[in-house]
1. Thr185's amide H: which non-local residues (gap 5+, or another chain) put their own amide H closer than 5 Å, with H modeled 1.01 Å from N in plane and none for Pro or chain starts?
2. In debye, nearest 20: dipole of segment 34-136 around its Cα centre with unit charges on the Cβ of K, R (+) and D, E (-)?
3. Just subtract the alpha-carbon distance of Thr241 and Ile141 from 0.36 nm times their residue separation and send over the number in nm, one decimal.
4. Based on the Cβ-Cβ distance of Ser192 and Met227, what FRET efficiency does E = 1/(1 + (r/R0)^6) give at R0 = 22 Å, to the nearest 0.05?
5. Treating only the Cβ of Lys, Arg, Asp and Glu as charged (+1, +1, -1, -1), what charge dipole size does segment 168-230 show about its Cα centre? Round to the nearest 20 debye.
Amino acid sequence: MATAETAEEISKKPEVRQALSQTSGPKAGTEKVKAATKDKFWFVTHALLIVGCAVLYYLVGSKLIPVPQNTVDLSRRFLRGAALIVIVLAIAKAISIYAIGRLDDAATRFTLRRIEHLLVVLVIAVIVIGVIFVNWYTALISVGIGSVIVGLAVQTPMTSFLGWIYILIRRPYQVGDRIQIEDATGDVIDVSYFDTTLWEFGGKYLSTDHPSGRIIKFPNSKVLSAMVYNYSWPLFPYIWTRLNSTLLTTAIWSSCPEQCRKSPRKKSARR
């Protein structure tokens with residue numbers, strides 16, 4: 001039989017600590033984060049790649065390597081782009097370890113790493129375009145025009161992407177929360193760039209709050225226009241309900257308090 005948690009045990013939970021920090025203000029962490037051995041290996045690998053690109057860049061420019069003159073500029077552009085990409089990956093790795101790794105909440109770490117991966121892809125795409133196009137101004141204009149065309153062509157997915165950003169900033173729900181949005185009710189099991197996945201509980205086939213076995217997906221744009229009911233606030237993880245009990249006039253009134261205490265336990269056990 002599970003024992004009741006004490007207040008100290010509850011206060012040590014990451015989600016409870018986060019909710020308390022929202023009401024009392026965040027406290028600066030003093031714990032140092034250390035990189036694992038494999039992470040140090042990746043940092044050394046990045047440093048060696050940057051050094052290699054710098055050496056090749058110098059050798060190509062000084063003509064110590066026999067490269068045709070018409071390909072010297074192109075080779076140096078590719079080497080600059082490769083070095084910048086390696087630097088971006090190294091910075092992203094450091095942020096993932098020393099900044100995101102300090103967070104206690106696994107859901108927050110997962111979300112921030114997903115944002116980081118998206119930003120890394122965008123930055124690398126800009127670097128690649130800058131390597132292909134000699135003129136950065138032309139590259140930025142091309143990216144801007146392409147973004148406008150894509151935005152007009154996929155307006156609904158872009159709205160869902162903005163809804164994903166809203167979910168990250170305002171946090172109406174996160175992975176693990178039990179929510180209701182319009183007619184959909186369930187536990188959040190994934191929040192992707194464009195949609196949210198729920199593991200449905202209840203539903204039209206069940207009269208209880210047990211899982212129905214169905215998966216519900218809805219676009220993230222729903223949170224911009226519909227009310228979200230979140231059942232998972234860590235500081236008060238309960239839902240008030242009303243249980244009706246019938247007392248007959250022939251009942252033994254002295255035993256009524258004990259019967260009223262037993263009735264909710266029996267009904268909650270059936271649920």
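1. It is Phe201, by chain and number.
2. Details: 12 positive and 5 negative charges, 32 e Å.
Value, rounded to 20: 160 debye.
3. Stretched fully, the Thr241-Ile141 segment lengthens by 30.2 nm.
4. Working: r = 22 Å, r/R0 = 0.99.
Using R0 = 22 Å, I get an efficiency of 0.50.
5. Details: 7 positive and 8 negative charges, 24 e Å.
Using only the charged Cβ atoms, the result is roughly 120 debye.
Throughout, read-outs are computed from the coordinates displayed, never taken from laboratory work. Just so you know, these numbers come straight off a predicted model, no measurement behind them. Ideal geometry is used to build each Cβ from the backbone, glycine not excepted, and the neighbour counts take in all protein chains shown.
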